Amino acid sequence: MKYKLDDTRPIFLQIKEQLEDSVINGTIMPGERVPSTNEFASYYKINPATAAKGINELVNENILFKKRGVGMFVTENAKDILIEKRKETFYENFIQPLKSEAKKLHVSNEELVDMIKEGNTDAN
Amino acid sequence: MQIEVKNLTKKYQDKLALDNISFLLDEPKIYGLLGRNGAGKTTFMEILSGHILATSGEIMIEHENPFDNQRITESICLIKEGNNFKKDLKVKNVLRIYSIFYSTWDHELADKLVEEYNLNPNAKVKTLSKGMESALGIIVGLASKAPITIFDEPYIGLDAAARKKFYEILVEEYELEKRTIIFSTHLIDEVSLLFEEVLIIQDGELVLKEEAEVLRNKTCSVSGTIQEVESFIKDKDIIGKKQLAGMMTAYVYADMKQARLAGLNVEGVPIQELMIYLTENKKGA
């Protein structure tokens, strides 16, 4: 859980991303219950309607499902759906900014590829 | 309760406090009413509560004028910055009077809050510190459960921990039962996450009324060389801009992705900053 939300981006998106991250990294497993709208609202002192919007979008995307009177739970294939979705936006969110900064610094594509490979060996 | 503001104007001698404003608050939400000092916020809230009359135009609550209208004023609770209560009354008597006035009064909540804020029920209002008097105002506002509850800078003298407690209880109560809460404050950064909708008043005019999430989504600051920024913002709605050493930052209504693709440095704008740029602009114009 993040300590504080960022007032410069839509709050429902941040609630949504936070739940997505928890599902992707396995903090919340399929079939487990996620915090309710009110729990999010109380924890972050945000408007409950805003928290509800984030959670409802995840229901529409089949990441969460509702058990009447019990709460919201993670679906069986939530993780797969999310990884696919994140891959689709990976280029836009990570590669594009990388390339535009590289261009600014006159780093060629070859140099960029070399750097990524280098990073790989470092990590190993 | 629906609040309809129609061509509302208020003049104090020569000074125009509210200049022909019109808008509709049709749902129980937490509204942030923002603006600089002297913008007309307090005047608006006093007319809304039926305490003073408009010079022309009107506010209709469920199609009725609140002035001298007990049925309506029983549904409205206004907590001001200070002097909410008679100085000679004891805390417990203040609470008793309000509990009789508001049919929606929540005794349990009032007792709980008196304990939380460590108020002595037998103390007279005049012996309370500024912070304690503010706490009493907050208790009355929350426990009134009035369908329209208005907080006008309610926490003078309250420390950060006591304000945090107030926000917590406000959210809890709002979760249990939705009601219209109008919140006016200068500590915007502390409460902006609570707002569902934001209204900004400047020089007696309504300069903005928008959902908080829409603002977070649609407003951004873009930085780059003057040329880059100018070319990006030429067809946009500009809130403000500044430049230094060949670089420019502009605050605009624009799509962040689009701005990033244009190679600009893009950041969101907190609601507090937005209020500052919007009202600065108006002053300068």
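Each value in this text was obtained by applying a stated rule to the coordinates, not by laboratory testing. Predicted model, so just to flag it, every value in this text is computed and none were measured. So basically every Cβ, Gly included, is an ideal-geometry build from the backbone, and we count neighbours across all protein chains shown.
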Centre separation in Å (Cα based) which lies between segment A:1-78 and segment B:131-164: 30
Label-zone membership for segment A:1-36, site residue A:70, 7 angstrom Cα→C-beta point, backbone N under 19 Å: A:28-36
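Is the C-alpha gyration tensor of segment B:216-284 telling us rounded, prolate or oblate? Criteria: a/c under 1.5 is rounded; beyond that, a/b larger than b/c is prolate, otherwise oblate. The partial results should precede the final answer.
Details: a/c = 1.82, a/b = 1.25, b/c = 1.45.
Verdict is oblate for segment B:216-284.
Take the alpha carbon gyration tensor of segment A:11-78, find the square roots of its eigenvalues, order them as a ≥ b ≥ c, and report rounded if a/c is under 1.5; if not, report prolate when a/b exceeds b/c, else oblate. Provide the component values of the computation, followed by the final result.
Details: a/c = 1.67, a/b = 1.38, b/c = 1.21.
Taking the square roots of the gyration eigenvalues as a ≥ b ≥ c, segment A:11-78 is prolate.
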Magnitude of the charge dipole, segment B:1-75, Cβ model with Lys/Arg +1 and Asp/Glu -1, debye to 20: 380
Point-to-point label distance, residue B:89-residue A:6, nm (Cα→Cβ direction, 7 Å offset): 4.7
222 nm mean residue ellipticity, helices alone, for chain B (DSSP H n ≥ 4; -39,500 (n - 2.57); rounded to 500): -10500 deg cm²/dmol
Signed unit charges on C-beta, dipole axis of segment B:1-140, positive-most listed residue B:72, B:100, B:137: B:137
Between segment B:82-112 and segment B:13-37, the alpha-carbon center distance in angstrom: 28
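Between exposed trypsin sites (Lys or Arg not before Pro) in chain B, where DSSP calls loop and at most 14 other Cβ atoms lie within 10 Å, what's the longest gap? If you can, show how the numbers build up before the last one.
Details: sites that count: B:86, B:87, B:234.
Segment B:88-233 is the longest.
Set the Förster distance to 35 Å, then compute FRET efficiency between residue B:24 and residue A:102 from the Cβ-Cβ distance, nearest 0.05. Can you show the working numbers first?
Values: r = 50 Å, r/R0 = 1.44.
With R0 = 35 Å, the Cβ-Cβ based efficiency is 0.10.
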DSSP beta bridge pairing in segment B:3-203, given as percent antiparallel to the nearest 5: 45
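Treating only the Cβ of Lys, Arg, Asp and Glu as charged (+1, +1, -1, -1), what charge dipole size does segment B:216-284 show about its Cα centre? Round to the nearest 20 debye. It would help to have the intermediate numbers written out before the result.
Values: 10 positive and 8 negative charges, 27 e Å.
For segment B:216-284, the charge dipole is close to 120 debye.
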Integer Hz, Karplus 6.51/-1.76/1.60 couplings in order for segment A:54-60, x for Gly and Pro: x, 5, 5, 5, 5, 5, 5
Shape call, segment A:80-123: gyration tensor on alpha carbons, a/c limit 1.5: oblate
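So if I place +1 on the C-beta of Lys and Arg and -1 on the C-beta of Asp and Glu, and nothing else carries charge, what would the dipole magnitude of the protein assembly as shown be about its Cα centre? I want it in debye, nearest 20.
Details: 53 positive and 64 negative charges, 193 e Å.
With only Lys, Arg, Asp and Glu charged at Cβ, the dipole is about 920 debye.
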Most positive-pole-ward Cα, B:254, B:204, B:174, against dipole of segment B:145-285 from beta carbon charges: B:254
